[in-house]
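Beneath this line is the structure, given in structure tokens, with notes to follow.
The values are calculated or read from the model by the stated rules, or taken from the named source; none is laboratory data. The shown structure was predicted, so the numbers you read here are calculated from the model rather than taken from an experiment. Every residue, glycine as well, gets a Cβ built from its backbone with ideal geometry; the counts of neighbours run over all protein chains shown.
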Amino acid sequence: MARSPALAGLLDLEIIVSASSGHRLVPIMQHHLPIYLHTTRKHWGLSQAELALLLRIAQSNLSRFESLEREPTLNVVIGSEIIFGKSPRELFPALYGEFEDKVMRQAKLLHDKLEGRTDFSAQEKLRLLTEMMGRVNPE
């Protein structure tokens, strides 16, 4: 299987022992990978065909997502959370971070627009934006 240069050399392996399949090597998640779909799938012993079936997508599309040739669709992101019980932030950190940055830039623009207003509606929006910023950048 061809692997994107972004993934080359970033995977460590651990031995997983299961009663049904014996010993197998699977990648350990590293916090610097842009996507953990492949490592999570391997951890659970699923083939691409099996995960593609669960996600109701073509195996070739799953391969493209795993190799970073294409960004995962919303169907894949949400489906993966349902299947693996891991959040999009955990499974797709680069994509999540990119989207988070875009949303936060827009939030800053809205915050600046509302700042100084004293009406109830503006104050509620500012409270929401402040809470949002606290969740994104907890200190």
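Quick check on region 12-32. Is at least one of its residues of a type in the set (Gly, Ala, Ser) and either surrounded by 16 or more Cβ atoms within 10 Å (Cβ to Cβ) or modelled with pLDDT of 95 or more (or both)? Full working, then the answer.
Step one: list which residues in region 12-32 are of a type in the set (Gly, Ala, Ser), which gives 18-22.
Within this subset, residues satisfying the condition of being either surrounded by 16 or more Cβ atoms within 10 Å (Cβ to Cβ) or modelled with pLDDT of 95 or more (or both) are none.
No.
Determine if region 65-72 includes at least one residue that is among the aliphatic types (A, V, I, L, M) and in a helix (DSSP H, G or I).
Looking for residues that are among the aliphatic types (A, V, I, L, M) and in a helix (DSSP H, G or I), one finds none in region 65-72, hence no.
Are there any pairs with C-beta distances below 6 angstrom linking a residue in region 49-76 that is outside the structural domain of His38 (by TED's automatic domain parsing) to a residue that is of a type in the set (A, V, I, L, M, F, W, C), with the two at least 6 apart or on different chains, and if so which?
Close Cβ pairs satisfying both conditions: none exist.
Residue by residue, here is whether (1) touching a residue at least 24 places away in the same chain (Cβ under 8 Å); (2) outside the structural domain of Trp44 (by TED's automatic domain parsing); (3) aliphatic (A, V, I, L, M) holds:
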{"position": "Gly85", "(1), (2), (3)": "no, no, no"}
{"position": "Lys102", "(1), (2), (3)": "no, yes, no"}
{"position": "Lys113", "(1), (2), (3)": "no, yes, no"}
{"position": "Asp119", "(1), (2), (3)": "no, yes, no"}
{"position": "Ala122", "(1), (2), (3)": "no, yes, yes"}
{"position": "Met132", "(1), (2), (3)": "yes, yes, yes"}
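This table checks each residue for (1) at pLDDT 95 or above; (2) more than 30 Å from His38 (Cβ to Cβ); (3) surrounded by 11 or more Cβ atoms within 10 Å (Cβ to Cβ).
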| site | (1), (2), (3) |
| --- | --- |
| Gln59 | yes, no, yes |
| Phe65 | no, no, yes |
| Lys86 | yes, no, yes |
| Glu90 | no, no, yes |
| Met133 | no, yes, yes |
